[in-house]
Amino acid sequence: MLPSMMDKEPVSNSHKDEDQKILDDMINYLDTIFEDLNQLYVQTQLLLCDMTICFSSPVNAEAVKHCEETYKHPNEISDQHQC
């Protein structure tokens, strides 16, 4: 026989607060993963463009290499995100 709703003890506020904090942390972590995946997508597309230029026109490969060396990535994908 299943216990009825009246038999259950009410959840204390401290447990609700803990659960809410855990949920918020998980959502923040998922947001971080989403941002990193978006950055990976952009970087992958840029590398694909570089490969296309290098294979279709090797003369332009030096210009691409120079641009990559001088470009500073403002939002590097970081392994140091903390939850």
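Where a number appears in this text, it was derived from the coordinates with a stated rule and is not lab data. Just so we're clear, the structure is a prediction, and the values are computed from it rather than from any experiment. A quick note on method: Cβ atoms are made from the backbone with ideal geometry, for glycine too, and the neighbour counts reach across all protein chains shown.
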| message | Give me a comma-separated list of calculated 3J(HN,Hα) values for region 27-35, in order, Karplus coefficients 6.51, -1.76, 1.60 applied at θ = phi - 60°, integers in Hz, x for any Gly or Pro. | response | 5, 4, 5, 5, 4, 5, 4, 4, 5
| In Hz, Karplus ³J(HN,Hα) per residue of region 16-22 (6.51, -1.76, 1.60; θ = phi - 60°; x = Gly, Pro) | 5, 5, 4, 4, 5, 5, 4
| Label point distance in nm, residue 43-residue 19, each placed 7 Å from Cα along Cα→Cβ | 3.8
